[in-house]
Amino acid sequence: MRYLIIVLISFSSLFAIDIDSLYDSMTPAQRIGQLLMPRVNAAYVSDAHPTRQYWRSLIDSFHVGGIAVYRGDVYEQFETAAFFQEQSSLPLLVGADFENGTGSIYNHGTHFITAMGIGATHAPQNAYT
């Protein structure tokens, strides 16, 4: 039997999951849903806001396997990820696109120079650094 151990530091939880039996218990729709990772605006919305209902449908109807967060500050993104984790029966993969630094995702984050900007310096050491 194969097992997957998942450690979620932010939630201080340890899960041991028998992957084969879990996979066998899933419907085809649930298996396909695990491949989906929708982009989610993490700016704060209240529990009564229609956005929360939409987020619940991503878990309940589409069985998504993760989310890619954007916008908001660090706390708002943590709160959004925590909401999704609480709604899901399986641990979710949470990601963000930090290609241009945290400033492109977080309010008040640090922006990095683009790859084109580094290339324009004609100094390979800059790309390495």
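Some notes on this structure:
- 5 Å binning of all Cα-Cα separations within the range 57-129, expressed as whole percents from 0 upward: 3, 15, 19, 15, 13, 11, 9, 7, 5, 2, 0
- Calculated FRET efficiency for the pair Ala43/Ser89, C-beta based, R₀ 25 Å, to 0.05: 0.45
- Within the accessible area of the chain, the carbon and sulfur atoms contribute 60%, probe 1.4 Å, all protein chains present.
- Taking only Cα atoms of the chain, radius of gyration then Dmax in Å: 18.2, 55
- The sum of -39500 (n - 2.57) across all DSSP H runs of n ≥ 4, divided by the residue count of the chain, sets its helix-only mean residue ellipticity at 222 nm to -10500 deg cm²/dmol.
- Peptides 75-82, 107-114, 39-46, ordered by how many other C-beta atoms sit within 10 Å of their residues on average, highest first, read 75-82, 39-46, 107-114.
- Residue of Ile118, Ile105, Ile59 that the Gaussian network model of the chain assigns the largest fluctuation, springs spanning Cα pairs under 10 Å: Ile118
- Approximate spin-label separation Asp24-His122, in nm, with each point projected 7 Å along Cα-to-Cβ: 6.4
- Accessible surface area normalised per residue over the chain is 68 Å², counting heavy atoms of protein chains with a 1.4 Å rolling probe.
The values are calculated or read from the model by the stated rules, or taken from the named source; none is laboratory data. Since the model is a prediction, treat every value here as computed from it, not as a measurement. Positions of Cβ are generated from backbone atoms using ideal geometry, with glycine treated the same way; all protein chains shown enter the neighbour counts. The protein model used for the area step is the full one, side chains on, heavy atoms only, and it has no ligands, DNA or RNA in it. Shrake-Rupley method; radii C 1.70, N 1.55, O 1.52, S 1.80 Å.
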